[in-house]
């Protein structure tokens, strides 16, 4: 009788252990899956960190003068005052008479502001003006040019362009 009770108690203990350990085993498996997911995220974060460090090192290796050229090429804002001064300087250097500069406001969706410029002078000077705009550091997209005839190689030119900036 003792043997039967011992065997029954042993079987009851094994059954309790099996059911209790089964739940624990499922919890352990779930935690293992969660651990693997966290390790995967940590690995990706480390890769991002290495990429960020490489990009920062590349950025920091760019000389300040080159960074300034990049900022002039595509400024953070329209900066219409600096653009007006730049256009006035280019027209004067080209031998043109600046009549008007109109800066429109940028649309919300695009990083482009309209620019309408009216100048007077000879065709050769206007051509030199266009070449200077082309070689300037500021990104200016000439969209339309119109002109009216004048007297003695003196014309009125109207230039419509888009000026780009970071958005």
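Residue 62 versus (1) farther than 21 Å from residue 116 by Cα; (2) in a helix (DSSP H, G or I): which is the lone unmet condition?
(2)
Given the criteria touching a residue at least 40 places away in the same chain (Cβ under 8 Å), touching a strand residue (DSSP E or B) at 6+ places or on another chain (Cβ under 7 Å) and surrounded by 15 or more Cβ atoms within 10 Å (Cβ to Cβ), does residue 162 qualify? Don't jump to the end; show me each part of the working.
Working: touching a residue at least 40 places away in the same chain (Cβ under 8 Å): yes; touching a strand residue (DSSP E or B) at 6+ places or on another chain (Cβ under 7 Å): yes; surrounded by 15 or more Cβ atoms within 10 Å (Cβ to Cβ): yes.
Yes; evaluated as a whole, the condition is true for this residue.
(1) exposed (fewer than 10 other Cβ atoms within 10 Å of the Cβ); (2) closer than 15 Å to residue 138 by Cα: which one isn't true of residue 59, the others all being true?
Of the numbered conditions (1) exposed (fewer than 10 other Cβ atoms within 10 Å of the Cβ); (2) closer than 15 Å to residue 138 by Cα, the odd one out for residue 59 is (2).
Can residue 77 be described as touching a residue at least 12 places away in the same chain (Cβ under 8 Å) and under 26 Å from the mean Cα position of the chain (by Cα)? Show your work before the answer.
Details: touching a residue at least 12 places away in the same chain (Cβ under 8 Å): yes; under 26 Å from the mean Cα position of the chain (by Cα): yes.
It is true that residue 77 is touching a residue at least 12 places away in the same chain (Cβ under 8 Å) and under 26 Å from the mean Cα position of the chain (by Cα).
Looking at 28, 4, 16, which is the one that is more than 30 Å from the chain's Cα centre (by Cα), free of Cβ contacts under 8 Å to residues at least 24 places away in the same chain, surrounded by fewer than 10 Cβ atoms within 10 Å (Cβ to Cβ) and part of a helix (DSSP H, G or I)? I'd like the intermediate steps shown before the answer.
Values: 28 fails: surrounded by fewer than 10 Cβ atoms within 10 Å (Cβ to Cβ); 16 fails: surrounded by fewer than 10 Cβ atoms within 10 Å (Cβ to Cβ).
Every option except 4 fails the conditions.
Could you list all residues from segment 138-156 that are under 38 Å from the mean Cα position of the chain (by Cα) and without any contact (Cβ under 8 Å) to a residue 40 or more places away in the chain? Step through it out loud before you land on a result.
First, pick out the residues of segment 138-156 that are under 38 Å from the mean Cα position of the chain (by Cα): 138-147.
Matches in segment 138-156: 140, 141, 142, 143, 144, 145, 146, 147.
Which one of these does residue 90 not meet: (1) over 26 Å from the mean Cα position of the chain (by Cα); (2) without any contact (Cβ under 8 Å) to a residue 24 or more places away in the chain; (3) closer than 30 Å to residue 158 by Cα; (4) in a helix (DSSP H, G or I)?
So residue 90 meets the others, but not (2).
Residues in segment 87-100 that are surrounded by 13 or more Cβ atoms within 10 Å (Cβ to Cβ), in contact with a helix residue (DSSP H, G or I) (Cβ under 7 Å, 6 or more places away or on another chain) and either at negative phi or not assigned by TED's automatic domain parsing to the domain that holds residue 114 (or both): how many?
5
Of 84, 78, which residue is assigned by TED's automatic domain parsing to the domain that holds residue 132, part of a loop (DSSP other than H, G, I, E, B) and surrounded by 13 or more Cβ atoms within 10 Å (Cβ to Cβ)? Talk me through it step by step, then tell me what you get.
Working: 84 fails: part of a loop (DSSP other than H, G, I, E, B).
That would be 78, the only listed residue that is assigned by TED's automatic domain parsing to the domain that holds residue 132, part of a loop (DSSP other than H, G, I, E, B) and surrounded by 13 or more Cβ atoms within 10 Å (Cβ to Cβ).
Would you pick out the residues in segment 102-154 that are more than 16 Å from residue 87 (Cα to Cα), touching a strand residue (DSSP E or B) at 6+ places or on another chain (Cβ under 7 Å) and part of a helix (DSSP H, G or I)?
Matches in segment 102-154: 123 only.
The values are calculated or read from the model by the stated rules, or taken from the named source; none is laboratory data. Since we're looking at a predicted model, the values are computed, not measured. Every residue, glycine as well, gets a Cβ built from its backbone with ideal geometry; the counts of neighbours run over all protein chains shown.
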